[in-house]
Amino acid sequence: MTSANQIRMPAGGASASPAGPHKAGRASARRADNRRKWYEIIGLTTPAVLIYVMFVLVPMGFAVYYSLFRWRGVGPPTEFVGLRNYTLAFQDPIFLDALRNNAIIVFGSLLIQGPIALGVALLLNRRFRGRAVFRLLVFVPYVLAEVTVGIMWKLLLTGGGTVDALLRSLGLGSLVQAWLADLDLVIWTLLAVLTWKYVGFAIILLLAGLSNVPDELTEAAAIDGASWWQIQRHVTIPLLGPTIRIWMFLSMIGSLQIFDMIWVTSVPAVRSLGASATMATYMVDNGFFARLWGYGNAVAVILFVISFVAALLFQRFLLRRDIDGAITGRAK
Amino acid sequence: MAVNTVVPPSTGRRQVSWGTPLTYAIALAVAAVSIAPVVYVVIGGFRTTPQIVADPAGLPNPLVWDNYARVLTQSNFWQQAFNSAVIALGTTLAVVVLGLAAAFVLARYSFRGREGLYTFFTLGLLFPAGAAILPLYLMLRDLNLINSYYAVILPQVAFSLPLTIVILRPFLSAIPRELEDAAAIDGASRLGFLWRVAMPLSRPALVTVGVLAFVASWNSFLLPLLVLSDVSLHTLPLGVQNFSSQYTTDTAGVLAFTSLAMLPALLFFTLAEKQIVGGLQGAVKG
């Protein structure tokens, strides 16, 4: 961020006095300070390390262990079944539906929200009256809880609800559908609702990224005779690369784990048929509510591995330059 | 982007001539699509259910206050808002304190294994909270924490720490060495430097991570759904879900409850919008 970034505190005992005769005394003072330094390091980091290990890392380890058992969650797991829970999951058509739905949401979000957000952000990348208000309004769907938004859209989309009434009043009555009950349609309805909720976030992020593109560059291109589109294509969009990639990353990870919105918006019956299930809803339905704890944990491990590998690959090949190897590469 | 830079007159005029109406049209359209459903829900709360059924897209005529009054006086709204607030504030406070302490060490002490420790924390960015939810539930059950605020707060703190540390560390690293030396000359220890100099200087970053943690906690649903079966501990997202499935025929009541549940979040985010965007940007560039 700044060049001061490089400044680090050198090894402890930096406050040593100028060279003098009392070598032994200085050495023991340095040793005392060194010990104090280690006390501070341990004292300040331990609470964070403990809580992080206990509630982030340990549970995933347990998930792997539980997933090898057939277990109803009462008493310790005893019926070891090896990898059978995993093979069962991949043989269950409902789980395969859930995988397909997650894929639809991941790629649907990127392919629909990306172009919309980029287009709107580029067109709005100029000063205009009410820009601050615009940013606030566009941010509204993002800041509301997924649950609240889900309930809201469920009401709007019910049969004979507001959306249907609106279509009819516009003379488009033939377009009316069973939005949330039609097994082939429901996942696309949910994708549309998700687009509504998250496209504003993409717009805001890209607008913020655009404000970091120096005016001088686009002005220079304009003086050289480049058209508006040429400037966007060859100057602005490449400079927006890091912002676009970080948005893609956040969107992908969120889409793989999506739960809240799906859970409250779609009817359980539709979900149990697989039409609107995602990996996360499938996991909670089977593991928690049906009490198939071993099986549920196997699904959790699958969900974890898919998210982890996707994040790692994305990080490795696309994000490397942007966050300076914070996760995979060498941290500088 | 403080003051207008000098724009070549030709491009300046071109922007005004065709750019402005198009800009406004697009801005208006996007803003309208974003808030129309929300406005509809708030207005719907002022109608009666028969009115809504008869004409879903109509305006309140006459204005009915009864739904809102009913939700505020007869439902668990206040109890749930209180629970949400306790959990969100507890989470935020713990994340900021623990994250600042760890990030301070990672930024301003040099010791063997420092980068390893940092990488260890950043690894958490790749751990999806959703995937860990089942073993997390089992663990909290074994710890006897189910149906307590801690059951939500502790895991939320743990999952917020990686991003917090990633945002705070560069901020703390950027504090010039001279300030630390000056503090040392004035007799401050390293901890005194953290308390009196580093913490006040990194206030913007602390606000950012605090806001992000608060947002995530206020909106969270999956974790409370599993670990808070006791109705008196339910948070607002659980309340919205319960109310809507309990009173399926009371559309107007559900609209009113949903609007009221949105209100605190909307107010809070209006005030904190800059921090949210700034924080995410900081995470990108950090």
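List of remarks:
- Cα Rg, Dmax, chain B, angstrom units: 24.4, 77
- Our analysis of segment B:129-182 gives Rg over Rh at 1.28, with the two radii drawn from alpha carbon positions and Rh computed by the Kirkwood formula.
- The order of B:I146, A:I151, A:I42, A:I244, going from fewest to most other C-beta atoms within 10 Å of their C-beta, is A:I42, B:I146, A:I244, A:I151.
- Order of A:D260, A:D97 - criterion: other Cβ atoms within 10 Å of each residue's Cβ, fewest first: A:D97, A:D260
- Within chain B, the selection of entire DSSP H helices by a Cα span of 20 Å or greater along the long axis and an average Kyte-Doolittle value of at least 0.5 returns B:20-44, B:77-108, B:149-173, B:203-219, B:251-285.
- Listed peptides B:56-63, A:305-312, A:156-163, B:94-101 by packing density, highest first (mean Cβ within 10 Å): B:94-101, A:156-163, A:305-312, B:56-63
- Ordering B:41-52, B:186-197 by mean Cβ neighbour count within 10 Å, with the highest value first, yields B:41-52, B:186-197.
- Close lysine pairs were tallied over the protein assembly as shown: pairs 8 or more places apart or on different chains with Cα atoms under 22 Å apart number 5.
- Inter-label distance for A:A32 and B:F82, nm, one decimal - labels placed 7 Å from Cα along Cα-to-Cβ: 5.3 nm
- Debye-sum result for segment A:24-66 in log10 I(q)/I(0), which assumes one identical scatterer on each alpha carbon, at q = 0.24, 0.26, 0.29, 0.33 Å⁻¹: -0.78, -0.82, -0.89, -0.98
- Per-residue shielding of A:32-39, expressed as the average number of other chain Cβ atoms within 10 Å of the residue Cβ, stands at 2.
- Likely footprinting exposure, A:S28, A:S251, B:S220, fewest C-beta neighbours within 10 Å first: A:S28, A:S251, B:S220
- By the compact-protein rule of thumb, 2.2 N^0.38 Å, the alpha-carbon radius of gyration of segment A:238-313 corresponds to a ratio of 1.32.
- Computed about the Cα centre, the dipole magnitude for segment A:24-66 is approximately 400 debye when only Lys and Arg (+1) and Asp and Glu (-1) carry charge, each at its Cβ.
- With bins 10 Å wide beginning at 0, the percent of Cα pairs of segment A:113-233 falling in each bin runs 12, 30, 28, 18, 10, 2.
- Shielding by partners - mean other protein chain Cβ count within 10 Å, residues of A:188-199: 1
- Calculated on the alpha-carbon coordinates, the convex hull of the protein assembly as shown measures out at 190 cubic angstrom per residue.
- Chain A, helix-only ellipticity at 222 nm - DSSP H runs n ≥ 4, -39,500 (n - 2.57), divided by all residues, nearest 500: -19500 deg cm²/dmol
- Counting Cβ atoms of other protein chains within 10 Å of each residue's Cβ and taking the mean over peptide B:25-37 gives 6.
- Hull volume in cubic angstrom per residue (convex hull over the Cα atoms of segment B:130-286): 151 Å³
- The simple spin-label model puts a point 7 Å past each Cα toward its Cβ; for A:A290 and A:A226 those points are separated by 5.6 nm.
- Pair-distance distribution of segment B:81-137: all C-alpha pairs, bin width 5 Å, starting at 0; shares per bin in whole percent are 4, 14, 14, 19, 21, 15, 8, 4, 1, 0.
- Alpha-carbon spread of chain A, three principal axes, descending order, Å: 96, 75, 31
- Less than 5 angstrom separates the built amide H of A:F69 from those of A:V81, all sequence-distant by 5 or more or on a different chain.
- Size of charge dipole - the protein assembly as shown - debye, nearest 20, with Cβ of Lys, Arg +1 and Asp, Glu -1, no other charges: 1920 debye
Here, each number is a calculation from the coordinates, and none is a lab measurement. This structure is a prediction, so every number in the text was calculated from the model and none was measured. Neighbour counts are summed over all protein chains in view; Cβ atoms, including those assigned to glycine, are modelled from backbone coordinates with ideal geometry.
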